[in-house]
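Below: the structure, in structure tokens.
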Amino acid sequence: MRYNPNPLFESDRLRSSLAAARADNFYYPPEWDPKKGSLNKFQGQHPLRERARKIDQGILIIRFEMPFNVWCGGCNSMIAKDCVAERGKLADPFYRLEHQEEDLRKKKEAEPLLVRLQRVSHSRHADDYSLNRSLRARLRNQKRKVAEEEEVSRRMGLGIRLLPPSQEDAASAAGIIFASKFERNRRDKRAAIKANSIFPESSGSASGSRRLELESKRRKIKATAASALLAGRIKPLSWQQKAGFVKP
């Protein structure tokens, strides 16, 4: 057995913990039986305990802590700060009468709306068989659509389900410009540079300008043919090889 140097302190601690458990309604005495009802009924007390000791007079005790020093208007005594004070809440007959009249007026105003809401609720939930049938049919259609989307994703090798196609997606996909056009322009420019002559040509007369025009057309034809060859779309013809546009 462990030695306790201060048994009185230990007993006080146990009593304080027992009082706290009783205050929180967590302590059930050994003689309590669930057949006898709730713990409050068994002990013959109100759930609010000490606050309801004047409940038979219509008074409910309210406990609060003062934020600053005040003077009580009833007993003309000062209530210090951080002191717990009690105040009795007495049911005023006139106040209760006024509120009862107001409650009755609100009831009459809200009664037509409540009746309509009740009718709408009854019309929606009266035939539970039809509601259950429509709900199950909707769930079956949803499961079928999910299975189809998963099958499409599986064929594409995707780990997620794709959304159904829409016109907005089609329009946005049609407006996408891929890098193939950039590559084609780059190849055309490279072919045109290779087809141009590295030597400058003089243009002193009309015959010279005519010759330059023919040379320009010839370079354009060579650039187009070279671009097509680089892209791998066409094969060189025999007359192009004989004319010297492309090498055999």
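The values are calculated or read from the model by the stated rules, or taken from the named source; none is laboratory data. Since the structure is predicted, the reported quantities are computational estimates derived from the model, not experimental observations. Reconstructed Cβ throughout: ideal geometry from the backbone, glycine too, with neighbour counts over all protein chains shown.
Observations
- Residue tally, condition loosely packed, with under 10 Cβ neighbours inside 10 Å and not in a loop (DSSP other than H, G, I, E, B), over segment 157-169: 2
- Restricting segment 39-86 to residues that are modelled with pLDDT under 70 and at positive phi, the residue that is surrounded by the most Cβ atoms within 10 Å (Cβ to Cβ) is Arg49.
- Residue check for Arg154: in a loop (DSSP other than H, G, I, E, B) and more than 30 Å from Arg219 (Cβ to Cβ): no
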